[in-house]
Amino acid sequence: MIAVPFAYEAPTTVEEAIRLLSEFGDRGRVLAGGHSLIPIMKLRLAQPEVLIDIGRVGELRYVRAEDRHLAIGALTTHTQVASDPTIGDQCAVLAETAGHIGDAQVRNRGTIGGALAHADPAADYPATILALDAEIVAQGPRGRRTIAAPGFFTGLFTTALAPDELLVEVRVPVLGPGSGGAYAKRPNPASHYAVVGVAAVVRLEGGRVTSVSIGVTGAGAQPSRAAAAERALLGQVPTDDTIARAAALAAEGIDLLSDIHGSAEYRADMVRVYTRRAIREAIRRAGG
Ligand code: FAD
């Protein structure tokens, strides 16, 4: 199928893009890498009257180290996230996650802002964004605001972004010494989307886990934190046994999806398996 006809706008600044979003309202749609939007337009699941292509908004492409976090512009591609030396050095779990996305073509075109704004339940970044307690910066006609990761994902393909807001930046913490993160994924063999993906970020002090956050994607309609598993691991000496006991609780509280890619029961099993793998690797990277 081909998309219904649409008008095309190509702003070159954030300000201009927001003005166009305000002008066209529900009739307009932002185009970034196009790797989610174009397929759904071809299926006619989305029929915007105007595409607002932000690909020429150069000010949205950057990776900056600022104080204790990294600021990543919305148009930074998955390939750039995966290969950026600053991200690799200071928040390696995000680079690792980007490297898991799709194939080389998808990673070369798809952007971190587009992936988060699209909020596909099987997307990879959301698990890591939750585990990192990252922040998402939105800009609209009323100015800029910062949305904490847990409040950003609000449901299946829905986020806290207002229709006239642009996702402009993602802010992730620098993981210092004693901290480690890992992303482990059960990919769909055809698309590579996550049937289940788990990100774990831990901090070790005196041989104990003093901080742990675990994000899960693919399992439910929206990504979530594995709170029961986090509580079980916090304060523990990380052994095979304490890790396995925590991971066994990882699917608790998730409203599990059941579809052609896997039953709810299968997903629950995969959440437990991949949580164990992600925690073990995060602990190893934290020096444990
Ligand atoms: P677009 O497709 O341009 O836009 C997606 C949506 O976000 C649209 O609604 C658009 O209006 C909105 N949007 C885009 N940018 C902004 C912004 N800055 N502010 C506000 N709204 C915005 N993803 C994974 O996570 N894991 C995978 O394994 C995976 N495999 C894939 C395999 C294939 C074959 C394909 C085609 C895609 C796959 N993807 C996967 C999706 C891919 O990561 C997309 O790049 C991503 O979901 C969307 O990013 P984009 O830049 O292409 O956004």
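The values are calculated or read from the model by the stated rules, or taken from the named source; none is laboratory data. Bear in mind that the values here come from a model prediction, so they are computed numbers and not experimental data. Methodologically, a virtual Cβ is constructed for each residue, glycine included, from the backbone with ideal geometry; neighbour enumeration extends over all protein chains shown. Surface areas here come from the heavy atoms of the whole protein model, side chains and all, with no ligands, DNA or RNA. Shrake-Rupley method; radii C 1.70, N 1.55, O 1.52, S 1.80 Å.
Of the peptides 218-226, 201-209, how do they stack up when ordered by the mean number of other Cβ atoms within 10 Å, highest first?
Ranked from most to least packed, the peptides come out as 218-226, 201-209.
What is the spin-label model distance, in nm, from Asp26 to Thr239 if the labels are put 7 Å beyond Cα along the C-beta direction?
Distance between label points: 5.9 nm.
May I ask you to list the residues of the range 183-203 whose amide nitrogen lies under 19 Å from a point 7 Å from Cα along the Cα→beta-carbon direction of Val273?
Zone members listed by number: 183-200.
Given a Förster radius of 30 Å and the C-beta distance between Ala10 and Ala104 as r, what FRET efficiency does 1/(1 + (r/R0)^6) yield to the nearest 0.05?
The pair Ala10/Ala104 has a calculated efficiency of 0.70.
For the peptides 247-256, 140-149, 64-73, what is the packing order when you average, over each peptide's residues, the other Cβ atoms within 10 Å and list the highest mean first?
Averaged packing, sorted descending, gives the order 247-256, 64-73, 140-149.
What's the center-to-center distance, using Cα atoms, between the range 247-267 and the range 164-209 in Å?
Spelled out, the Cα-based centre of one part sits 19 Å from the other.
From the Cα gyration tensor of the range 107-172, with a ≥ b ≥ c the square roots of its eigenvalues, which class applies: rounded if a/c is under 1.5, or else prolate if a/b is larger than b/c, or else oblate?
Since a/c stays below 1.5, the shape of the range 107-172 is classed as rounded.
Sort the following peptides by mean Cβ neighbour count (other Cβ atoms within 10 Å, averaged over residues), highest first: 5-12, 269-276, 88-95.
269-276, 88-95, 5-12
Once the other residues with Cβ under 15 Å from the Cβ of Leu166 are scored (Lys, Arg +1; Asp, Glu -1), what is the net sum?
That sum, taken over residues with Cβ under 15 Å, equals -2.
Accessible area per residue for the chain in Å², computed with a 1.4 Å probe and the full protein assembly in place, what is it?
Value for the chain: 45 Å² per residue.
Ignoring everything except DSSP H segments at least 4 long, calculate the 222 nm mean residue ellipticity for the chain; use -39,500 (n - 2.57) per segment, divide by total residues, nearest 500.
The per-residue figure over the chain is -9000 deg cm²/dmol.
Counting only protein heavy atoms and a 1.4 Å probe, tell me what percentage of the chain's accessible area is made up of carbon and sulfur.
Using a 1.4 Å probe with all protein chains present, the chain comes out at 50 percent carbon and sulfur.
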